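A.B. asks: For reference, the structure I am asking about is given below.
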Amino acid sequence: MRLGVLASGSGGNAFALEHEGFTLLVDAGLSARQHQARLEACGMGTARPAALLVSHEHSDHVSGAGVVARKWRIPVYGSGGTLEASASRMGRVAGRSVLPNGSTTEMGPFRVCAFRLAHDAVDPSGFVVDWDGGRLGIATDLGHPGPLVTESLSGCTALVLEFNHDEDMLWNGSYPWHLKQRIASSTGHLSNTVAADLLASVMHPGLRVCVLAHLSQENNLPDLALGASRGAAGDSVMIVAGMQDLALPAIDL
């Protein structure tokens, strides 16, 4: 299985999972043209997406969902609240399939389970994706990693985990006070410190890869996020930071 980190950050989020010739897109905060360009850049240019999974309705996750779904004529999956809240932005698509939080569905070679996140969206989801060789947990845009998140991510062989902000950079930065409060709230975004604690709580010998996701370009630095995560995971895990403007080379999971 290969993971493509096409974009990660407040300007747009997009991931691609490919296994046995089946490609699943997760979130679509880029244009269709950028999706294609970044699939090519990460080494997945021949992939033909078969479905799109969306985590919640905020624009950095669904601004390109409609055009991407129409380009490849693929269905869109998400919670009922997410699909309803993003319907006007998406427009007409080939199909919408509700994946309620707490439920599981089969998508090609993948078994996808959705679980509820604490974020200021209508009905946001994290995902655990199982295939014949491992388990990937995806949890970005979560203000508080409660017991459900920890339980859902336990046992994963790979993670995409939010490391949004450094607390000192956020509170001493230029954002207006109301935005700082929203980011730091229990329904906002994870700091490096809290994310590292979450990573430490789900560490186990089988965890091989962790992608640090949704880094703020204003309130974080890759070195800070990497330092925090390395302190939690040690040297046994491959840790990489997702980027806003460039796709990472596809990661073999």
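The numbers here are math on the coordinates, done by the rules we state, and not lab data. Because the structure is predicted, anything quoted here is derived from the model rather than measured. Reconstructed Cβ throughout: ideal geometry from the backbone, glycine too, with neighbour counts over all protein chains shown.
A.B. asks: Please work out how much length the chain gains when fully extended from ARG70 to ARG111, using 0.36 nm per residue of separation minus the C-alpha to C-alpha distance, in nm with one decimal.
C.D. replies: 12.4 nm
A.B. asks: Out of segment 1-83, which GluC sites (Glu not before Pro) are coil in DSSP terms and have no more than 12 other C-beta atoms within 10 Å? Intermediate values should be presented prior to the final figure.
C.D. replies: On the way: sites: GLU18, GLU20, GLU40, GLU57; in loops: GLU20, GLU57.
Of the GluC sites (Glu not before Pro), the ones in loops of segment 1-83 whose Cβ has at most 12 other Cβ atoms within 10 Å are GLU20.
A.B. asks: Given points 7 Å out from each Cα along the Cα-Cβ axis, report the TRP171 to THR46 separation in nanometres with one decimal.
C.D. replies: 5.3
A.B. asks: Now for a different question. Of all DSSP beta bridges in the chain, what percent run antiparallel (nearest 5)?
C.D. replies: That works out to approximately 55 percent antiparallel.
A.B. asks: What net charge is computed for the residues neighbouring GLY21, neighbours being all others with C-beta under 15 Å from the C-beta of GLY21, Lys and Arg scored +1, Asp and Glu -1?
C.D. replies: -1
A.B. asks: Counting other Cβ atoms within 10 Å, which trypsin sites (Lys or Arg not before Pro) in segment 1-88 have at most 15 and lie in a DSSP loop?
C.D. replies: When the trypsin sites (Lys or Arg not before Pro) of segment 1-88 are filtered for loop state and at most 15 Cβ neighbours within 10 Å, ARG73 remain.
A.B. asks: By the scheme Lys and Arg +1, Asp and Glu -1, what is the net charge of all other residues having a beta-carbon under 10 Å from that of HIS61?
C.D. replies: Here the count lands on -4.
A.B. asks: Taking K and R as +1 and D and E as -1, what net charge do the other residues with C-beta under 14 Å from the C-beta of ALA213 add up to?
C.D. replies: Here the count lands on -4.
A.B. asks: What list of ³J(HN,Hα) couplings, whole Hz, do you get for segment 159-166 from phi and the Karplus terms 6.51, -1.76, 1.60, once you set θ to phi - 60° and write x for glycine and proline?
C.D. replies: Couplings: 9, 10, 10, 5, 10, 6, 9, 8 Hz.
A.B. asks: Same structure again: So what's Rg/Rh here for segment 1-130, counting alpha carbon atoms and using the Kirkwood radius for Rh? Show your work: numbers first, answer last.
C.D. replies: Values: Rg = 13.1 Å, Rh = 14.2 Å.
My calculation puts Rg/Rh at 0.92.
A.B. asks: Using a 7 Å offset from Cα along Cα-Cβ at SER103, what residues in segment 65-91 end up with backbone N under 20 Å from the label point?
C.D. replies: Only 74-88 pass the distance filter.
A.B. asks: Also: For VAL122 and ALA94 in the same chain, what is the full-extension length gain: residue separation times 0.36 nm, less their Cα-Cα distance, in nm?
C.D. replies: 7.8 nm
A.B. asks: Hey, could you pull the Cα Rg and Dmax for the chain, both in Å?
C.D. replies: Radius of gyration, then largest Cα-Cα span, for the chain: 16.6, 48 Å.
A.B. asks: Given labels modelled 7 Å from the Cα in the Cβ direction, how far is it in nm from ARG230 to ASP132?
C.D. replies: 3.7
A.B. asks: Normalised by the number of residues in segment 2-246, what is the relative contact order in percent for Cα pairs under 8 Å and 6+ residues apart?
C.D. replies: Reported as a whole number, the value is 16 percent.
A.B. asks: Output the relative contact order of segment 64-138, whole-number percent, from Cα pairs under 8 angstrom with separation of 6+ residues.
C.D. replies: Relative contact order comes out at 24 percent.
A.B. asks: Before rounding to the nearest 500, sum -39500 (n - 2.57) across all DSSP H runs of length at least 4 in the chain and divide by the residue total; then give [θ] at 222 nm in deg cm²/dmol.
C.D. replies: That calculation yields -8500 deg cm²/dmol at 222 nm.
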